[in-house]
Each structure stands twice: as C-alpha cells, then as structure tokens.
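Taking it in order: structure first as structure tokens, then the write-up.
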Amino acid sequence: MHSDDALLWDALPDGVVIADADGIVEVLNAAARKMLGEAAAVGASLSDVLALQDQDARGWFTENKPYAGITSRTGIPEQSWFLADGTEVLVTARISRSERRGPVHRVAVVLRSARGRERLDRERSDLVATVAHELRSPLTGVKGFVTTLLSKWDRLNDEQKKLMLHTVSTDAERLSRLITELLDVARIDTGRLQLYPREIDVVPVIERVAESVRAGTSRTITTQHAAAAAAAFADPDKFVQVATNLVDNAVRHGDGHVSVTTEPGPLGVRITVDDQGDGIEEALRDRVFTKFWKHGAQGGSGLGMYIVNGLVRVHGGELTILDAPGGGARIVVDWPADDRRP
C-alpha cells in the first residue's frame, strides 16, 4: 500500500480492513490495528485478522461467510461483536463484485467502537427512568386516596370525601397532561405532529390564556398589545398550548408580576413574556430546550419548553431567551403571519 494512501486510511476514526478476492488483507488502518492487535497484518488472511466473537463464541468470518452465500449479496449489516479483550465493536461489511452476480472481488469491513451506542442506551434508560418517576408521583397519590376511600368510606364525612376526590381529580389531570406532553414530544421528534393552521387573531387568545392562568395564581399578570388585532398563521390549539406554557412558566419561576405583550415582529407578530424571577444564565439557555430540563425549585415535567420550542419551530417561528429589563427572564416568540412551515 502506498505511503500516502496509508496516511489517508490511518486518518479515519473507525477501523478499516479490506481484503482481495482471495481473502488476503490489502488494507489495515491504524484504528483497525489498535483494535485487532499485533496479529493483524497486511498480507494475512481476513479470517485470521478478524478475530471477532459473539456472546456464544462464534466467529465473525465463519458466521457471515463473506465470500459465500447468494451472489446478489452486497453487504453485511451492522452487527455487535467482541474483540479478544472483551470490548464490544459494531461491524459492517461491504461486498464488491467485478460483475453483477459474479464472484466476490473485494470485501471491506468497518469496525466502530460501541461506546456511542452505549451512551445512547444510557440516555434512553435515563429517559425511561425519568418518565417513570414523573408518572409514579401522581399515580401514587391517586392509588393512596382511592384505597383510603374504599376502606374507610363509612367513617369519612362528606367534606373529607370531597377533599380526597378533588385531590384524585387533580392528580389524574396531571397524569393526563404528562401523557399528552410525552406524546407531543414523540410526534415532534419523529416529525409526525399534525397541524391544522389558519389565520388567527392572537390578541383575544392571549387575553383568554392570561385570564385562565390568573384564576389559579395570586400573581399579577398584565397584558399589553400594540394593536387591537395581530394576525398569526397557526394551529389554534397549538398556539394556545404555547401561550399557556409560557405564561404558566413565568408564573411558576417568577417572584413578582408577569407581563405579556404583543407587537409587530419580523415574521408577523412578536409575543414577549417577562417575569421577575432569577432569570436564566446565558450559558444555560440552550439547555432550556432539551427534554426534562428543570430550573429552580419549582416543579414541572421539564418538557414544557422543549414542546414550546418544537411547536414554534414547526410553524416556522423563532423563540429566544433574553434578560427581562426588570430582572428575570424574557421569552420572545416571533410567530409568522403566513405559512412558513419547513
């Protein structure tokens, strides 16, 4: 192998092994040599170089038979195998033929560390654990109060029963809301979120959302609009979901009053939500849009801002986090007035 070619192969982060029509190794880059050990060398047999085994001690070469099998085969999909020291690697192979359905001309094998997949598996496990924790908390409350009602119904007065049933209803609503959020996350991630957008006037929507959140808090929520009407192109339900999440977030994390303003923006209408809390450090602002990110002592699923950002983006809008003039956080949403969906 030419020295310049060798340098190019060695620059690759994955291990590469290429064998000729007779199964003799022609190319063996540095990453492959590091993985396969000193016994691996150019000129050796591919079956000897790829000393890989599965969990049942079967060899890669004997199991996959790259030079045999049906003549239309052009590759071997990614599989998990183990090196001599027990390290897991992901192995893929490309089978080349000099002519269609002819004999094998060359076999190229790529070996990649499985650490990336292990990290992804850990992240998925963490996601499952977080979801389980979020679901368990309200479910425990529902189960506990229902059990008490069933076992002590005759000994409880009407006020006690009413209080317990009200708590069960609140926890059930929390469960329903969390499940809806998880479904929204899945739809956003897979691009399967269904939208039914049309032109709407955001002013009355913002007023209804503010009034709804006011009913459940003692915080002052003020609204201000630069015009009596402001058009946006949006799915009405999704727009309400975005506005509610933003105002509710500001109330939960703020210490004083919350203000919501609408005005003309670069895309159509700009919605600004200010709170008087601790704000969000600039270095942390990108993390706000990740799943299950929580800030401060106040609760929540940690999915709200991820969903809000996803809904804004899927409409072709933009969301920015800034510092509010009086301290706290400022969330700015630029919502398009026409159809700008990606």
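The values are calculated or read from the model by the stated rules, or taken from the named source; none is laboratory data. Quick caveat, the model's predicted, so the values are computed rather than measured. All Cβ positions, glycine included, derive from the backbone under ideal geometry; neighbour counts span all protein chains shown.
Computed values, structure above
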quantity: Test: residue in the range 182-189 that is under 17 Å from Val240 (Cα atoms) and basic (Lys, Arg); calculated: no
quantity: Residue list for the range 84-103, filter: at pLDDT 90 or above, among the aliphatic types (A, V, I, L, M) and out of contact with any Ser or Thr (no Cβ under 7 Å at 6 or more places or on another chain); calculated: Val91, Ala93
quantity: Qualifying residue in the range 316-338 (condition: assigned to a loop (DSSP other than H, G, I, E, B), under 22 Å from Arg252 (Cα atoms), within 25 Å of the chain's Cα centre (by Cα) and at pLDDT below 85); calculated: no
quantity: From Asp22, Asp48, Asp56, residue being at pLDDT 90 or above, surrounded by fewer than 15 Cβ atoms within 10 Å (Cβ to Cβ) and either of a type in the set (Val, Ile, Thr) or more than 16 Å from Arg94 (Cα to Cα) (or both); calculated: Asp48
quantity: Test: Ala250 is more than 20 Å from Pro325 (Cβ to Cβ), of a type outside the set (Lys, Arg) and either at pLDDT 95 or above or out of contact with any His (no Cβ under 9 Å at 6 or more places or on another chain) (or both); calculated: no
quantity: Residues of the range 223-256 that turn out to be surrounded by fewer than 21 Cβ atoms within 10 Å (Cβ to Cβ) and either touching a Phe, Trp or Tyr at 6+ places or on another chain (Cβ under 7 Å) or over 26 Å from Leu182 (Cβ atoms) (or both), as a count; calculated: 11
quantity: Cβ pairs under 7 Å, 6+ apart, first in the range 146-171 and more than 19 Å from Gly216 (Cβ to Cβ), second part of a helix (DSSP H, G or I) and charged (D, E, K, R); calculated: Leu149/Lys161
quantity: Some residue of the range 200-209 being of a type in the set (D, E, K, R) and either in a loop (DSSP other than H, G, I, E, B) or in contact with a helix residue (DSSP H, G or I) (Cβ under 7 Å, 6 or more places away or on another chain) (or both); calculated: no
quantity: Filter result (more than 15 Å from Gly304 (Cβ to Cβ) and surrounded by 13 or more Cβ atoms within 10 Å (Cβ to Cβ)) within the range 171-194; calculated: Asp171, Ala172, Leu175, Arg187, Leu193
quantity: Single residue of the range 81-91 satisfying the filter (assigned to a loop (DSSP other than H, G, I, E, B) and touching a helix residue (DSSP H, G or I) at 6+ places or on another chain (Cβ under 9 Å)) that is nearest to Ser113 (Cα to Cα); calculated: Thr87
quantity: Qualifying position, being within 40 Å of the chain's Cα centre (by Cα) and in a helix (DSSP H, G or I), among Glu63, Glu78; calculated: Glu63
quantity: Test: residue in the range 165-175 that is over 30 Å from Lys291 (Cβ atoms) and either in a helix (DSSP H, G or I) or at pLDDT 90 or above (or both); calculated: yes
quantity: Restricting the range 220-247 to residues that are part of a loop (DSSP other than H, G, I, E, B) and out of contact with any His (no Cβ under 6 Å at 6 or more places or on another chain), the residue that is farthest from Arg270 (Cα to Cα); calculated: Asp235
quantity: Cβ-Cβ under 7 Å pairs, at least 6 apart or on other chains, the range 302-329 side within 19 Å of Thr190 (Cβ to Cβ), far side crowded, with 18+ Cβ neighbours inside 10 Å and of a type in the set (Gly, Ala, Ser); calculated: His315/Ala234
quantity: From Ser259, Ser218, residue being buried (at least 17 other Cβ atoms within 10 Å of the Cβ) and closer than 21 Å to Gly327 by Cα; calculated: Ser259
quantity: Check on Leu149, over 30 Å from Arg313 (Cα atoms), part of a helix (DSSP H, G or I) and at pLDDT 90 or above; calculated: yes
quantity: All positions within the range 221-235 that are farther than 21 Å from Leu322 by Cβ and either touching a residue at least 40 places away in the same chain (Cβ under 8 Å) or of a type in the set (Ser, Thr, Tyr) (or both); calculated: Ala231, Phe233, Ala234, Asp235
quantity: Residue check for Ala232: at pLDDT 85 or above and either in contact with an Asp or Glu (Cβ under 8 Å, 6 or more places away or on another chain) or among the aromatic types (Phe, Trp, Tyr) (or both); calculated: yes
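Conditions (1) under 27 Å from Asp338 (Cα atoms); (2) at pLDDT 85 or above, marked per residue:
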position	(1), (2)
Arg117	no, no
Leu127	no, no
Thr140	no, yes
Arg177	no, no
Val202	yes, yes
Ala210	yes, yes
